[in-house]
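The values are calculated or read from the model by the stated rules, or taken from the named source; none is laboratory data. All figures in this text were calculated on a predicted structure; none of them were measured in a lab. Here Cβ is always computed from backbone atoms with ideal geometry, including for glycine, and neighbour counts include all displayed protein chains. For the accessible areas, the whole protein counts, side chains as well, though only heavy atoms, and no ligand, DNA or RNA atoms are used. Shrake-Rupley method; radii C 1.70, N 1.55, O 1.52, S 1.80 Å.
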Amino acid sequence: MSRIRSVAASALEVNRRTVLAAAGAVSLSAGVGYALRPTDSQAATTAAAPVAHSRQAPAAAPLAPYTKGTTLASVAAPLGSSGYRRLGDGAGWSRVVRGELAAPKSGRAGRRTALAAFVQFTDLHLQDVQHPLRLEYLRSHDAHAWRPHEALTVPGAISLVERVNALRGAPVTGAPLHFVMTTGDNTDNNAHSELEWFMKVMSGGRITPNSGDPKHYEGVQNSGLKLYWQPDSTLRDGDKALGFPQLKGFLAAAVREVQSPGLKLPWYSTVGNHDALPLGCYGSHGDPYLAEAAIGGKKLFSVSDADARKLQDAIKNATDPKAAGYRDFLKAHARSMRSVTPDEKRAPYTQADYLKAHLDPAHQGLGPVGHGYSSANLDAGTQYYAFRISDDVIGISLDTTDAGGHYEGSIGTAQLNWLDKTLKDNKDSYAVVFSHHTSKTMDNTRPDPARPGEKRHGGAEVISVLSAHANVLAWVNGHIHKNVITPHQASGGRSFWEISTASHVDYPHLARIIELVDNKDGTISLFTTLIESAAPHRTDFADLSQTGLAALYRELAYNAPGANKTLAGSAADRNTELVLKKG
């Protein structure tokens with residue numbers, strides 16, 4: 001790279017580079033922003049506009065490295081050995097040095113210079129749990145198809161925002177954090193209600209995580225069905241048989257108004273399949289039957305094991321990407337549905353709706369305008385863009401969802417060519433690439449209905465493009481709800497790390513801080529440090545405050561029947577130092 005300087009120094013200067021060059025309105029989404037400091041960001045709405053100069057505050061004293069508030073210091077851990085297990089304070093996770101792509105050299109800690117630091121959120125899955133099209137009844141066949149903690153996604157996400165706001169900068173270098181990037185599945189059911197909640201969680205505001213009847217909850221958790229945890233009831237449901245508590249007042253608290261302070265950092269957004277597709281898997285936008293069912297007054301609560309298995313298999317195997325079978329399934333079970341209060345806020349949102357919500361000044365928070373997206377995205381019908389992280393690092397946000405249907409991903413030829421050109425045009429900057437899907441889950445190449453003649457490309461082809469550019473340091477993603485860090489080695493010594501982070505809906509409810517440093521010895525290090533929400537590890541069943549609910553969210557998730565207990569990954573996938581040769 002042509003210039004290397006510390007983040008602490010460069011964050012106090014105005015970037016004088018122009019915004020990334022456009023490759024054309026159709027192939028370039030030009031929401032370009034430069035996060036100068038945690039309280040100062042700029043975004044351009046045209047591809048060729050220079051980043052604006054801005055007044056700078058006096059230089060602050062550099063922060064010191066720290067561990068408090070991270071999983072290096074402490075991690076929620078189960079108490080006891082069987083049944084419903086309470087959580088408490090557990091030992092922290094140590095940092096693992098990984099040298100598969102370059103040998104770490106002694107003395108680097110004393111030489112290193114910070115390049116950039118940011119936080120990754122992923123798979124928040126904010127859920128309107130009373131939505132008529134939800135698939136809770138699949139629990140008849142698969143215990144984990146419905147989670148007992150799903151009504152608490154909003155207070156849980158707010159608590160994660162509170163954790164980030166309390167951080168003292170980057171834990172290893174003490175450098176300022178530049179921004180937060182959320183890598184998709186921000187919502188769960190592709191509902192307008194959820195999109196509004198997401199925008200307010202991130203940028204701040206009052207949220208009432210309720211829909212339908214404004215006075216009380218109407219859903220599976222007060223249905224009287226033993227299939228689901230009935231928290232307010234004395235009914236001996238299946239979850240209570242496993243030790244789940246009776247918590248009178250839980251549902252009223254779950255739909256009560258909460259307050260998000262909003263992030264005290266600029267934030268950017270990457271789209272996931274649950275943000276782009278109804279229920280995260282159906283390429284059925286515009287289907288009049290499903291659109292009406294989403295806002296209507298009928299909801300299916302239970303089906304037989306055989307029917308649940310058939311529908312779940314169709315989703316997993318992608319045999320019904322256009323939802324024709326799902327529509328027939330709902331019609332066949334119409335007489336079994338229960339009445340609920342209709343609500344137009346549950347309507348599915350489109351790609352344009354998603355972009356407009358990000359561009360809405362009401363949701364700007366600390367910016368940047370559009371949170372990466374711009375009016376150029378609206379004009380071109382795209383959801384990918386590039387932005388400047390620091391003087392020597394760019395970020396690239398991809399759209400790996402496949403509008404043709406199914407929850408796995410791919411990208412079109414225009415986006416793949418744009419990615420290659422953007423990396424080539426910015427060869428003097430390091431690059432961090434963001435997406436929702438991982439390289440291994442980009443194997444769905446159904447045509448995009450909006451671009452039926454365009455070829456779709458999978459993870460292997462994206463790896464090939466990234467490996468052709470020496471400036472690529474990392475590919476950061478989510479989707480699999482598990483911490484996995486993968487080295488990618490290409491010919492000619494070119495290499496990068498793929499960093500996949502666990503979700504914030506399945507235990508252990510994590511986000512990740514990533515720091516980029518120059519070791520001044522021919523190598524670059526990427527430090528990854530996981531964080532939990534600010535909610536205490538210990539819960540109090542009598543505490544149904546906003547904070548108490550956020551703590552319950554984590555504990556209920558740990559105990560969720562059928563939950564995967566390996567999502568934290570190995571030690572080498574959690575808190576790490578990932579070493580690379582300098583390109």
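Residue-wise test of (1) farther than 18 Å from Lys427 by Cβ; (2) without any contact (Cβ under 8 Å) to a residue 40 or more places away in the chain.
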position	(1), (2)
His469	no, no
Val476	yes, no
His479	yes, no
Gly492	no, yes
His504	yes, no
Pro508	yes, no
Arg512	yes, no
Inset, instruction - Check whether at least one residue in the range 321-331 is open to solvent by less than 70 Å² (accessible area, probe 1.4 Å) and within 16 Å of Ala145 (Cβ to Cβ), and report yes or no. - result: yes
Inset, instruction - Please enumerate the residues belonging to the range 332-347 that are closer than 24 Å to Gly184 by Cβ and open to solvent by 40 Å² or more (accessible area, probe 1.4 Å). - result: Lys345
Legend entry - Checklist (1) among the polar types (S, T, N, Q); (2) more than 24 Å from Pro65 (Cα to Cα); (3) more than 22 Å from the chain's Cα centre (by Cα) applied to Thr523, failing item: (2)
Inset, instruction - Kindly list, by first and then second residue, each pair from a residue in the range 543-567 that is over 20 Å from Glu136 (Cβ atoms) and part of a helix (DSSP H, G or I) to a residue that is of a type in the set (Gly, Ala, Ser) and open to solvent by 30 Å² or more (accessible area, probe 1.4 Å), limited to pairs with Cβ atoms under 9 Å and residues at least 6 apart or on different chains. - result: Thr547/Ala534; Gly548/Ala542; Ala550/Ala534
Legend entry - Subset of the range 348-396 [open to solvent by 30 Å² or more (accessible area, probe 1.4 Å), among the charged types (D, E, K, R) and within 28 Å of Ser260 (Cα to Cα)]: Asp353, Lys356, Asp360
Inset, instruction - Filter the strands (runs of 3 or more DSSP E) completely within the range 195-277 down to those with at least 1 residues that are open to solvent by 50 Å² or more (accessible area, probe 1.4 Å). - result: 205-207, 258-260
Legend entry - Test: residue in the range 47-67 that is of a type outside the set (D, E, K, R), at pLDDT 95 or above and open to solvent by 30 Å² or more (accessible area, probe 1.4 Å): yes
Inset, instruction - Among the residues of the range 490-529, write down those that are within 14 Å of Arg554 (Cβ to Cβ) and either crowded, with 22+ Cβ neighbours inside 10 Å or modelled with pLDDT under 95 (or both). - result: Ala502, Ser503, His504, Val505, Tyr507, Pro508, His509, Leu510, Ala511
Legend entry - Selection from the range 422-455 of residues that are farther than 29 Å from Trp267 by Cβ and touching a residue at least 40 places away in the same chain (Cβ under 8 Å): Thr445, Arg446, Pro447, Pro449, Glu454, Lys455
